[in-house]
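*Asks:* Can you keep this structure in mind? I'll have questions shortly.
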Amino acid sequence: DSATKRSTLSCLDPEGNSREFNERFELKCQKCTCEESTKTVTCKPKECPKPNITECSDDGFVLINQTDPSDPCCSTPVCQCKPGGCPDIDVTCSIGKKPVVSIPKGKCCPELRCEPKKVCVRNETEYQPGSSVPGSVCQECTCEAEQNSTVISCKDQECNKTCDMGYEYVKTDSDECCGKCVQTHCVVNINGSKQLLSQGETWSPTENRCDEYTCVKNGEILTTSTSHTVCPVFNESSCQPGTIQTAANGCCKICAEKEKACKFMSMKTNITHNNCTSAQEVDMPYCEGSCNTYTMYSKEAAVMQHSCSCCKETCFSNRTVDLVCPNGDTVPYTYMYVEECGCTNTECTAAAGQHIRRKRSFTLL
């Protein structure tokens, strides 16, 4: 019958179920086969795939085996978080930052991040927004909050750089922020009119050349030294007409005095020529005295103008005298006889500072 036929064509598995010849099946995590030759079921343990990981690399994870969801007969190794295995973390951050501890996604152990605070940092010190921050010597600084950060805003301290007349603003190298006014000139104030003088400079006002102002240094201070020239008594009536002028210093008046003016003078002398001499002295008048000579500035010509005149004969005659020679001969000789003297103009040809020694001479004709 049919039941008998089935029993001769099948095997019974360990649970009593009928299996056909050469049937392969899994039973209790074993791979089994109904062997036709022996009409029995043979089984051997099921082979599981090799694990894909052998260790855990991230902190806090440990390797454990768990049932493979796709195959309950096999286990698969997985890394499982075990917080007790996490290392200690240092929660110290630098100035201006704060510690933030979090567990990133996919991680087991907490990690530290140092995030910026909303403060300003200078010289290892934190400053809250709106507070004053120490700056350089000449700066005023403030901590200011912007949209996502803070900044230190500084502006230079204002210095008064205006100095009085005669002073100059100088930046110093010291710890002081602003410079100071240093004296560079003397200031001479005459009736509200001010004149600047450098060190060692001498100045006289045009309206009073007899007063001299000199800028001298006394320690670190420049001061004005004043001197006044006292002129000798000037008697205009004793001057030769047309000779009054101002001395080189521009202060005192001078002139050629009348008694020193060009005069007619008389003398007697022997005349000698070619070793022949007059037998007796003859009258030999001459001119002597000073004339008006000056150098002064001309506004019209805008130059220094020179005027020179000398005392010389203005009228003369020729006279003849007999000269006695060594051999006893007598020869006539004619000479100039001065009759009048006066000042006559001449060219000023001598260089400045050149001293000319004038000798009284006689022109013999």
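Just so it is clear, none of the values below were taken in a lab; they were calculated from the coordinates. Quick caveat: nothing in here was measured; it's all calculated off a predicted structure. Here the Cβ is made from the backbone with ideal geometry for all residues, glycine too, and neighbour counts use every protein chain on show.
*Asks:* Viscosity 1.306 mPa s, temperature 10 °C: give me the Stokes-Einstein translational D for region 155-296 in µm²/s, with Rh taken as the Kirkwood radius over C-alpha pairs.
*Replies:* My calculation gives 74 µm²/s for D.
*Asks:* Moving on. Rounded to the nearest 500 deg cm²/dmol, what is the calculated helix-only ellipticity per residue at 222 nm for the chain, with -39500 (n - 2.57) per DSSP H run of length n ≥ 4?
*Replies:* -500 deg cm²/dmol
*Asks:* Within a 10 angstrom radius of the beta carbon, how do THR295, THR33 rank from fewest other beta carbons to most?
*Replies:* Placing the least packed residue first, the sequence is THR295, THR33.
*Asks:* Identify all lysines with a Cα-Cα distance to LYS107 below 20 Å; exclude those on the same chain that are fewer than 8 residues away in sequence.
*Replies:* Cross-link targets: LYS82.
*Asks:* Considering Cα pairs under 8 angstrom that are at least six residues apart, work out the relative contact order of region 167-228 and quote it in whole percent.
*Replies:* Once divided by the residue count of region 167-228, the mean separation gives 23 percent.
*Asks:* Another question about this same structure. Take the cross-link list LYS171/LYS217; LYS171/LYS194; LYS258/LYS312; LYS268/LYS312; LYS50/LYS105; LYS97/LYS118 and give me the ones stretching past 20 Å between alpha-carbons.
*Replies:* From LYS171/LYS217; LYS171/LYS194; LYS258/LYS312; LYS268/LYS312; LYS50/LYS105; LYS97/LYS118, over 20 Å: LYS171/LYS217; LYS171/LYS194; LYS50/LYS105.
*Asks:* Mind checking the alpha-carbon convex hull of the chain and giving the volume per residue in Å³?
*Replies:* Convex hull volume per residue, Cα atoms: 497 Å³.
*Asks:* Also, quick follow-up: Under unit Cβ charges (Lys, Arg +1; Asp, Glu -1), what dipole magnitude, rounded to 20 debye, does region 156-209 have relative to its Cα centre?
*Replies:* 340
*Asks:* State, to one decimal in nm², a quarter of the convex hull surface area for the C-alpha atoms of region 262-346, i.e. the direction-averaged projected area.
*Replies:* 7.2
*Asks:* Whole-Hz ³J(HN,Hα) for each residue in region 152-158, computed from phi via Karplus 6.51 cos²θ - 1.76 cosθ + 1.60 with θ = phi - 60°, x for glycine and proline: what do you get?
*Replies:* 9, 9, 10, 9, 5, 6, 6
*Asks:* Okay, moving on. Amide H of GLU23 versus every other amide H placed in the peptide plane: which residues, excluding those fewer than 5 positions away on the same chain, fall under 5 Å?
*Replies:* Excluding prolines and chain starts, which carry no amide H, the hits are CYS34.
*Asks:* Something else now. Could you work out how far apart the two model spin labels at VAL324 and GLU36 are, taking each label as a point 7 Å from the Cα in the direction of the beta carbon, and quote it in nm?
*Replies:* 20.1
*Asks:* Kindly state, to the nearest 0.05, the FRET efficiency for GLU158 paired with VAL182, given R0 = 25 Å and r defined as their beta-carbon distance.
*Replies:* Rounded to the nearest 0.05, the efficiency is 0.80.
*Asks:* Suppose a student asked you for the relative contact order of the chain, using Cα pairs under 8 Å spaced at least 6 residues apart; what percent would you report?
*Replies:* Relative contact order, the chain: 6 percent.
*Asks:* Then there's this: Can you give me the C-alpha center-to-center distance between region 233-251 and region 106-130, rounded to a whole angstrom?
*Replies:* Cα centroid of region 233-251 versus Cα centroid of region 106-130: 95 Å apart.
*Asks:* Provide the FRET efficiency to the nearest 0.05 for the HIS273-SER317 pair, computing r from the beta carbons and using R0 = 25 Å.
*Replies:* That gives a FRET efficiency of 0.85.
*Asks:* I've got another one for you. Quick one: 3J(HN,Hα) in Hz for region 103-114, Karplus 6.51/-1.76/1.60 with θ = phi - 60°, rounded, Gly and Pro as x.
*Replies:* 9, x, 4, x, 10, 9, 9, x, 10, 9, 10, 9
*Asks:* Give me the number: length gained by fully extending ASN65 to ALA145, i.e. 0.36 nm times residue separation minus the C-alpha to C-alpha distance, one decimal in nm.
*Replies:* 23.3 nm
*Asks:* Taking neighbour Cβ counts within 10 Å as the exposure measure, how do LYS107, LYS161 sort from fewest upward?
*Replies:* LYS161, LYS107
*Asks:* Just to be sure I understand the model, the point goes 7 Å from the Cα along the line to the Cβ. What's the resulting GLU340 to ALA248 distance in nm?
*Replies:* 3.6
*Asks:* Give the list, by residue number, of cysteines in the chain with no other Cys Cβ closer than 4.7 Å, or say none.
*Replies:* Cysteines lacking a close Cβ partner in the chain: CYS310, CYS315.
*Asks:* Turning to a different aspect of this structure: Take THR226 and THR125, extend 7 Å from each Cα along the Cα→Cβ direction, and tell me the distance between the two endpoints in nm.
*Replies:* For the pair THR226/THR125, the computed spacing is 5.5 nm.
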